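Q: Structure incoming, see below.
The values are calculated or read from the model by the stated rules, or taken from the named source; none is laboratory data. Quick caveat, the model's predicted, so the values are computed rather than measured. Counting neighbours? That spans all protein chains shown, and the Cβs are built from the backbone with ideal geometry, glycine included. Ligands, DNA and RNA are excluded from the accessible area calculation, which covers all protein heavy atoms including side chains. Shrake-Rupley method; radii C 1.70, N 1.55, O 1.52, S 1.80 Å.
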Amino acid sequence: MTGPRRLTHALAEELVSASLTGDLSGSEAADLAAHLAGCERCTATAAAWADSRRLLSGIRHVPAPRDLGARVRTGIEGGRIVDTPWYRRPIFAVASVGALAAAALVLAVIVSLPNATPPVASTSPQPSGSAAAPSATATGEATPTAEPSATVQPPSATLPPDYRIEYAFDVPGDITQGSTVTLIDQATGDMVRTLVPGQDIDGGQPIQAALSPDGTWLALRVLQDAVPREVVYAVDLDGDAVIELGASMLDTFAERLLWSPDGRFLVTTLVAEGSGDANVTGFDTQSGEVVRLTGTGNAYAASWESDTILWMSLAGPEPASYRFDLSGGLGNEGELGTSAPPVPDVFLPTLSPNGESVIFWRGPMAQSGAGWTFANGGVLNLASSAYLDGETPDVAPLFVEAPGPIAVARVAWAADSDAYAVWGLGYVESEGDARSVYLGHLSLEDGRISQRQRLDENDVPDGATVIDVAPAPDGRHLALTVVYPIPGDLAQPVAELLLVTRNFGDEADVVQRLGPTEIWVGPGIYE
Amino acid sequence: MAWTPRLAETPRVSVHETGVDREAAFASLFEEYATPIYNYALRMVGDPDRAADIAQDTFIKAYRKLDQLTDDAAARSWIYRIATNTAIDDMRRRKFTVPMGDESRHHDRPDLRPGPEAQVLGGVVDERIQRALLRLRPNHRQCLLLSDVEDMSALQIGEVMGMSYGAVRTLLCRARAEMRDALLAEGMTR
């Protein structure tokens, strides 16, 4: 027979806490009693916590407002609320309401940069050598951008010669009722696919798209604002198939549409309506299967390491990430497993395309109305991917000096695995920074983000919110999709695509504006 | 590690499907939980008007999701979960609008001013307890209220907050430590 376990103070305190709610097992109670018998500190803690519980349990309830029932009834009948999380309301909810009057909307563009020649506008100064080749300028030549004003080109209906739009979505009519979505090859003007609401897809507003690396499938996220929920589809561009992966509540960290590098698998995170459970769902283009890969209720798709190795994260007070091998396919629902050890305190690792670097979140999380958030702020970190294997302790906060605890941010790597963009920042304790975009380079200085990496103040027009950023592999260009708040429900939503040529030092960035005669809701993608 | 499906294995018994009149079921739910949910929201946000809004939104959401209610035994956890999420959303939305650089709102710095809730409740509950509660981190406040005011077990709290049993025990321990400090600052505990 074994005696009581020897407890640390920390474990004893946890047992003291559990004892107050009757959540102790018999052996735990014995362990605790033995510890308390010889520990004044924990005995004092136990007494103090018992006092605290007694005080709280003695709080008297006050009556609910007399009109609460009437208010609830009015709300039920009048549609007082939508369950849209706070961090999603400024953009999409508003845009889709205003879209009632839309006649012809271009919703998504995919932009390719066919060569490495920087597309500099004719009226702009030539870029400095240091900025043109960031990998060769790790000497710290870049100086803080004082307050340059961006060289903004007038709105244009045509693209600069070095850019080419490959696809666009043409969505005529009332998109909140469900309009036909037409995918157009911009080079030829040919209609590639037409998606009919009620037939191919549910009605709603396409808000996000991701082309598979082999160009044969398109992942499409459609917002049904009235519910609200999002539905994710995979559209076969060479055939007729439109595959529904499922519906999801709106969630900050469930926005990733992740194609495997070979284009075989699409994975995304879906947050169940009602329960708020977040799970990863996958689609196999070879078998046509859609499989919910996880059943934990707190799982998020993070990024692909290779054609078959997928990183997923479990949200929670102590989040962790796991590596999964999908070489055998998606398997059966909820049966995906891994023998790989968890990587603690890593959430949503976003690997660079070459797999050598990783950006990830750290910090305790809490479940909100839908999905999980960093309730007290998270920290974005930058490390060598060896960190995920425990091979190096070197890790640093991505921001040299963050304005505050970060609640939400979006990250995208350029294809060169050197440049990356960070945008969509929201802070726990302060207003979000919807206009700021940072373009970092691993090869510049220590590779992290400081104010030097912030795009010029005037690159993004006043009142605009950046919703999508695609950094080019040359490290100097970005495609920004911005939308504007709508003054009234009946106003036409306005959005545009900005093609930014980044300059450093005293030279202002060059911005080419496409629009704002039409809606452009990303993504802009450089290949 | 093997991940096991959870949702798919949980049969859902819908109130609507069992033939119980939807309106009657909701009326019963409201009658039983209107005051507890209002008080829970009040302790969470410390403001009667906001608490009323949260309670209102909680029941509107509950009405819309009534079909998802598994059974009567689950109703309490279910409605508190909706209220918890609604309160979190409310708090986060309000934090989101605080201007940057306002040091008075730094999360490590307690607001020592008597809150509006304290003014309203003066003479009914101890103002200092509520003030101590409002100093806690929101998730600490939630689990402490669910534990010590609502008398829920760690398992029930986990159902409300969407956390595992072990995670709740850890969180509750931290919350008690923080509450002890907060009460000490009010001169209310040893």
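Q: In the stretch A:202-248, which residues are open to solvent by less than 30 Å² (accessible area, probe 1.4 Å), at pLDDT below 75 and either closer than 22 Å to A:Val291 by Cα or among the polar types (S, T, N, Q) (or both)?
A: Those that are open to solvent by less than 30 Å² (accessible area, probe 1.4 Å), at pLDDT below 75 and either closer than 22 Å to A:Val291 by Cα or among the polar types (S, T, N, Q) (or both): A:Gln205, A:Leu223, A:Gln224.
Q: Moving on. Return the pair list, or none, for Cβ contacts closer than 6 Å from residues in the stretch A:1-28 that are free of Cβ contacts under 8 Å to residues at least 12 places away in the same chain and more than 19 Å from B:Glu178 (Cα to Cα) to residues that are hydrophobic (A, V, I, L, M, F, W, C) and surrounded by 15 or more Cβ atoms within 10 Å (Cβ to Cβ), at least 6 apart or on different chains.
A: A:Asp23/B:Ala154; A:Leu24/A:Ala18
Q: Just to be sure I understand the filter: pairs with C-beta atoms under 7 Å, separated by 6 or more residues or on different chains, first member in the stretch B:175-187 and modelled with pLDDT of 85 or more, second member polar (S, T, N, Q) and part of a loop (DSSP other than H, G, I, E, B). Which pairs pass?
A: Short answer, once both residue conditions are applied: B:Arg180/B:Thr189; B:Leu183/B:Thr189.
Q: Related question: Taking the stretch A:342-372, which residues are among the aromatic types (Phe, Trp, Tyr) and modelled with pLDDT under 90?
A: Correct list: A:Trp372 only.
Q: Looking only at the stretch A:237-262, count how many residues are assigned to a strand (DSSP E or B) and without any contact (Cβ under 8 Å) to a residue 40 or more places away in the chain. Explain how you work it out, then say what you get.
A: From the stretch A:237-262, those assigned to a strand (DSSP E or B) are A:242-248, A:258-259; that's our starting set.
From the residues that got through so far, the ones that are without any contact (Cβ under 8 Å) to a residue 40 or more places away in the chain too are A:247-248.
Of the residues in the stretch A:237-262, 2 are assigned to a strand (DSSP E or B) and without any contact (Cβ under 8 Å) to a residue 40 or more places away in the chain.
Q: Specify which of the listed residues (A:Thr296, A:Thr338, A:Thr268, A:Thr285) is farther than 18 Å from A:Gly378 by Cβ, in contact (Cβ under 8 Å) with a residue 40 or more places away in the chain and over 19 Å from the mean Cα position of the chain (by Cα).
A: Result: A:Thr285 is the single residue among A:Thr296, A:Thr338, A:Thr268, A:Thr285 that is farther than 18 Å from A:Gly378 by Cβ, in contact (Cβ under 8 Å) with a residue 40 or more places away in the chain and over 19 Å from the mean Cα position of the chain (by Cα).
Q: I need every pair where a residue in the stretch B:48-66 that is more than 8 Å from chain A (Cβ to nearest Cβ) has its Cβ under 7 Å from the Cβ of a residue that is outside any helix (DSSP H, G or I), sequence separation at least 6 or different chains.
A: The qualifying pairs are B:Leu66/B:Val15; B:Leu66/B:His16.
Q: Turning to a different aspect of this structure: Looking at the stretch B:146-160, which of its residues are within 8 Å of another protein chain (Cβ to nearest Cβ) and buried (at least 24 other Cβ atoms within 10 Å of the Cβ)?
A: Matches in the stretch B:146-160: B:Ser147, B:Asp148, B:Ala154.
Q: While we're looking at this one, here's another question. Among the residues in the stretch A:31-51, are any in a loop (DSSP other than H, G, I, E, B) and within 7 Å of another protein chain (Cβ to nearest Cβ)? Show your work before the answer.
A: Of all residues in the stretch A:31-51, those in a loop (DSSP other than H, G, I, E, B) come to A:38-39.
Next, from what is left, pick out any that are within 7 Å of another protein chain (Cβ to nearest Cβ): none.
Looking for residues that are in a loop (DSSP other than H, G, I, E, B) and within 7 Å of another protein chain (Cβ to nearest Cβ), one finds none in the stretch A:31-51, hence no.
Residue by residue, here is whether (1) open to solvent by 20 Å² or more (accessible area, probe 1.4 Å); (2) within 14 Å of chain B (Cβ to nearest Cβ); (3) under 20 Å from the mean Cα position of the chain (by Cα) holds:
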{"residue": "A:Asp389", "(1), (2), (3)": "yes, no, no"}
{"residue": "A:Ala402", "(1), (2), (3)": "yes, yes, yes"}
{"residue": "A:Val411", "(1), (2), (3)": "yes, no, yes"}
{"residue": "A:Ala415", "(1), (2), (3)": "yes, no, yes"}
{"residue": "A:Ala419", "(1), (2), (3)": "no, no, yes"}
{"residue": "A:Val422", "(1), (2), (3)": "no, no, yes"}
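Q: Could you list, in sequence order, the residues of the stretch A:324-341 that are of a type in the set (D, E, K, R) and either within 14 Å of A:Tyr300 (Cβ to Cβ) or modelled with pLDDT under 75 (or both)?
A: A:Glu333, A:Glu335
Q: What are the residues in the stretch A:266-288 that are under 30 Å from B:Ile82 (Cα atoms) and not small (Gly, Ala, Ser), if any?
A: A:Val267, A:Thr268, A:Thr269, A:Leu270, A:Val271, A:Glu273, A:Asp277, A:Asn279, A:Val280, A:Thr281
Q: I would also like to ask the following. Open to solvent by 10 Å² or more (accessible area, probe 1.4 Å), in a helix (DSSP H, G or I) and at pLDDT 90 or above, is that true of B:Glu32?
A: Considered against the rule, which asks whether it is open to solvent by 10 Å² or more (accessible area, probe 1.4 Å), in a helix (DSSP H, G or I) and at pLDDT 90 or above, B:Glu32 comes out as yes.
Q: I've got another one for you. Tally the residues that are buried (at least 16 other Cβ atoms within 10 Å of the Cβ), part of a helix (DSSP H, G or I) and not small (Gly, Ala, Ser), restricting the search to the stretch A:52-68.
A: Final tally of qualifying residues: 4.
Q: Collect the residues in the stretch B:124-145 that are farther than 19 Å from A:Arg54 by Cβ, more than 8 Å from chain A (Cβ to nearest Cβ) and open to solvent by less than 30 Å² (accessible area, probe 1.4 Å), keeping them in residue-number order.
A: The answer is B:Gln142, and nothing else.
Q: Now for a different question. Among the residues of the stretch B:161-187, which ones are in a loop (DSSP other than H, G, I, E, B) and either at the interface with another protein chain (Cβ under 7 Å from one of its Cβ atoms) or closer than 14 Å to A:Pro317 by Cβ (or both)?
A: Within the stretch B:161-187, the subset in a loop (DSSP other than H, G, I, E, B) is B:162-164, B:186-187.
Once the filter is applied, which keeps residues that are in a loop (DSSP other than H, G, I, E, B) and either at the interface with another protein chain (Cβ under 7 Å from one of its Cβ atoms) or closer than 14 Å to A:Pro317 by Cβ (or both), the stretch B:161-187 yields B:Gly162, B:Met163, B:Ser164.
Q: Inside the stretch A:308-326, can you point out the residues that are part of a strand (DSSP E or B) and either open to solvent by 20 Å² or more (accessible area, probe 1.4 Å) or of a type in the set (Gly, Ala, Ser) (or both)?
A: Listed by number, the residues that qualify are A:Ile309, A:Ser313, A:Leu314, A:Ala320, A:Ser321, A:Tyr322, A:Arg323, A:Asp325.
Q: For the stretch A:69-87, give me the residue count where each residue is in a loop (DSSP other than H, G, I, E, B) and either at pLDDT 90 or above or more than 7 Å from every other protein chain (Cβ to nearest Cβ) (or both).
A: Result for the stretch A:69-87: 3.
Q: Given the criterion crowded, with 22+ Cβ neighbours inside 10 Å, hydrophobic (A, V, I, L, M, F, W, C), at pLDDT 80 or above and part of a loop (DSSP other than H, G, I, E, B), identify the matching residue among A:Val469, A:Val521, A:Val460.
A: A:Val460
Q: Could you tell me which residue of the stretch A:18-30 is surrounded by the fewest Cβ atoms within 10 Å (Cβ to Cβ), considering only residues that are away from chain B (no Cβ under 11 Å) and not in a loop (DSSP other than H, G, I, E, B)? Walk me through it before giving the result.
A: Narrowing the stretch A:18-30 to residues away from chain B (no Cβ under 11 Å): A:25-27, A:29-30.
After this cut, where a residue has to be not in a loop (DSSP other than H, G, I, E, B) as well, the list is A:26-27, A:29-30.
Numbers: A:Gly26: 7, A:Ser27: 11, A:Ala29: 14, A:Ala30: 14.
Ranking the qualifying residues of the stretch A:18-30, first place goes to A:Gly26.
Q: May I ask you to verify whether A:Arg66 is more than 7 Å from chain B (Cβ to nearest Cβ), closer than 19 Å to B:Arg128 by Cβ and at pLDDT 85 or above?
A: No.
Q: OK, next. Being in contact (Cβ under 8 Å) with a residue 40 or more places away in the chain and in a loop (DSSP other than H, G, I, E, B) is the filter here; which residues of the stretch A:373-398 pass it?
A: A:Phe374, A:Ala375, A:Asn376, A:Gly377, A:Gly390, A:Leu398
Q: Could I ask something else about it? Applying the selection to the stretch A:34-47, what residues are in contact (Cβ under 8 Å) with a residue 24 or more places away in the chain and open to solvent by less than 60 Å² (accessible area, probe 1.4 Å)?
A: The answer is A:Ala34, A:His35, A:Leu36, A:Cys39, A:Cys42, A:Thr45, A:Ala46.
Q: Within the stretch B:46-69, track down each residue that is surrounded by fewer than 23 Cβ atoms within 10 Å (Cβ to Cβ) and either within 10 Å of the chain's Cα centre (by Cα) or aromatic (Phe, Trp, Tyr) (or both).
A: Result: B:Tyr63, single match.
Q: Only residues in the stretch B:24-44 that are in contact (Cβ under 8 Å) with a residue 60 or more places away in the chain count as the first member; pair them with residues that are aromatic (Phe, Trp, Tyr) and assigned to a helix (DSSP H, G or I), Cβ under 9 angstrom, at least 6 apart or cross-chain, and list the lot.
A: B:Pro36/B:Tyr80; B:Tyr40/B:Tyr80
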